[in-house]
Amino acid sequence: MGSPDPEMVANLLVAMGVDGSSRVNVAQWTGYAGVVYPEGGVPMRFPPSRDSMVWETTASGLLLLDRVPMRWWHPELDWAVGNDIYGRSLFISGSQSMVQRVVASDLVEAFPVAFDDPVTPEDE
């Protein structure tokens, strides 16, 4: 919770077809103690009232952070990955073909979720 496992993130990026050198925007919640943010980060608030720092890195750069952010996305919004800091799962949005590749991948456990599917808290 609050920091996706780097090995899972590496496998997810492969399943998504994202090259390690690809540019990625990230949003890291500012409530974590001891997290160092890069210069040039932009403060932004995400629902539900999560003050975050946003900056650009590479896909492989995600794996070098002390805490992998819960939100990261393609600069042109071709795809997005995210969830709240208290969630254990990540949601992926992208093209049908990319989502189908992730769901079919043996590298990660993934399930398709439609926009109108009910999603309940994981800890209930």
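Values for this structure:
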read-out	value
Net lengthening on full extension, residue 37/residue 63 (0.36 nm per residue, minus Cα-Cα)	7.9 nm
Chymotrypsin sites (Phe, Trp or Tyr not before Pro) within region 22-124, DSSP loop, no more than 15 other Cβ atoms inside 10 Å	32, 86, 115
Quotient of Cα Rg and 2.2 N^0.38 Å for region 1-43, N being how many residues it contains	1.37
The chain, accessible surface, carbon-and-sulfur percent (1.4 angstrom probe)	54
Charge dipole magnitude, Cβ of K and R +1, D and E -1 - region 61-112, Cα centre, debye nearest 20	80
Rounded accessible area per residue of the chain, 1.4 Å, Å²	62
Segment residue 96-residue 19, extension gain: residue separation times 0.36 nm, minus the distance between their alpha carbons	25.8 nm
Dipole in debye (nearest 20) - the chain, about Cα centre, beta carbon charges: Lys, Arg +1; Asp, Glu -1	280
Rg in Å to one decimal, and Dmax rounded to a whole Å, for region 49-88 via C-alpha atoms	10.6, 28
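The values are calculated or read from the model by the stated rules, or taken from the named source; none is laboratory data. This structure is a prediction, so every number in the text was calculated from the model and none was measured. Neighbour counts are summed over all protein chains in view; Cβ atoms, including those assigned to glycine, are modelled from backbone coordinates with ideal geometry. Heads up: the accessible areas ignore ligands, DNA and RNA and are worked out on the full protein's heavy atoms, side chains in. Shrake-Rupley method; radii C 1.70, N 1.55, O 1.52, S 1.80 Å.
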